[in-house]
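Worksheet: one structure, shown below.
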Amino acid sequence: MQVIKEYVQRWYESGLDPDEYICHRKQGNLVEIEEADTGRRRMVLTFCTNDVLGLVQSPAVKQAAIDAILQFGTSNSSTSVLSGRIDLHRQLEDEVSAFKHLGYTQLFLNAWMAMQALMDAFCHQAIPVPGFQNTRETLIMTDVLNHGCIVSAIANAGTRSGKLFGHSPAVRVRAYRHCDMEDFARKLKRYAKPGRSHFGSSPTRCSRWMATSRPYPT
């Protein structure tokens, strides 16, 4: 704990602690904030919102949220695998699939959960299936400036979520320079030679992934 105390003390002494604000009401991009240390209130223009489509204060969206809460409650209270899915989720997935011309859409709470699920499912085939064994190793090529959700997921891609000691094939992560396809091709050729394992001495099949992100809104 002494190390933590020293770290926090140096943090505050260096002026690195962020300003703390309490939000009271919003009107579009205008937000009334309260300074936590002084209690002073003022209206400011925010440029850090994720409400890129401006729907947070939409009367139609707010009414739809109220109607959904009255019908389904505030939460499903469990995972969909155990207690089923809310019909609204299925409707939204179907609408997104139709709009994007996709065969299927899967909703996640946020990008961090989606990326972790992607790693578990495709690198490890996380749910054991009798008579099936995954022997395909995985090579992930990632842009050095990828979003934090991608970085976090691939940093833990070597093991199944919550399973430190598993028997899945190896996962190797290699970075390439930001938006540099020449560097990407060079490293892909280096790390993914056909018919040869980079994780052991025996020949093996290897899945190759390219992890990249794009500016939102998407």
Residue list for segment 1-45, restricted to those being in a helix (DSSP H, G or I), surrounded by 10 or more Cβ atoms within 10 Å (Cβ to Cβ) and either β-branched (Val, Ile, Thr) or in contact with a Cys (Cβ under 8 Å, 6 or more places away or on another chain) (or both): Val8
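Yes/no per residue for (1) touching a strand residue (DSSP E or B) at 6+ places or on another chain (Cβ under 6 Å); (2) more than 21 Å from Gln91 (Cα to Cα); (3) modelled with pLDDT of 90 or more:
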residue	(1), (2), (3)
Tyr12	no, yes, no
Glu20	no, yes, no
Arg25	yes, yes, no
Ala65	no, no, yes
Residue match in segment 58-70 (condition: farther than 29 Å from Trp209 by Cα and either in contact (Cβ under 8 Å) with a residue 60 or more places away in the chain or not in a helix (DSSP H, G or I) (or both)): yes
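Can you say whether Leu107 is assigned to a loop (DSSP other than H, G, I, E, B), among the hydrophobic types (A, V, I, L, M, F, W, C), within 28 Å of Ile154 (Cβ to Cβ) and touching a His at 6+ places or on another chain (Cβ under 6 Å), as far as the supplied structure shows?
On the way: assigned to a loop (DSSP other than H, G, I, E, B): yes; among the hydrophobic types (A, V, I, L, M, F, W, C): yes; within 28 Å of Ile154 (Cβ to Cβ): yes; touching a His at 6+ places or on another chain (Cβ under 6 Å): yes.
Yes: the conditions hold for Leu107.
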Given (1) closer than 21 Å to Ile150 by Cα; (2) of a type outside the set (Asp, Glu); (3) modelled with pLDDT under 85; (4) surrounded by 10 or more Cβ atoms within 10 Å (Cβ to Cβ), number of the condition Cys48 does not satisfy: (4)
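Could you run through segment 27-45 and say how many residues are on the phi < 0 side of the Ramachandran plot and at pLDDT 85 or above?
Step one: of segment 27-45, the residues on the phi < 0 side of the Ramachandran plot are 27, 29-38, 40-45.
Keeping just the survivors that are at pLDDT 85 or above gives 30-35, 38, 40-45.
Looking only at that region, the number is 13.
Listed here are the residues, each with its yes/no results for (1) farther than 17 Å from Ala157 by Cβ; (2) in a loop (DSSP other than H, G, I, E, B); (3) modelled with pLDDT of 75 or more.
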residue: Arg174; (1), (2), (3): no, no, yes
residue: Phe184; (1), (2), (3): yes, no, yes
residue: Arg196; (1), (2), (3): yes, yes, no
residue: Met210; (1), (2), (3): no, no, yes
Boolean, Thr74 is in a loop (DSSP other than H, G, I, E, B) and at pLDDT 85 or above: yes
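Here is a yes/no grid of residues against (1) among the β-branched types (Val, Ile, Thr); (2) within 26 Å of Asn110 (Cβ to Cβ):
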site: Glu13; (1), (2): no, no
site: Val31; (1), (2): yes, yes
site: Phe47; (1), (2): no, yes
site: Asn50; (1), (2): no, yes
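The values are calculated or read from the model by the stated rules, or taken from the named source; none is laboratory data. Since we're looking at a predicted model, the values are computed, not measured. So basically every Cβ, Gly included, is an ideal-geometry build from the backbone, and we count neighbours across all protein chains shown.
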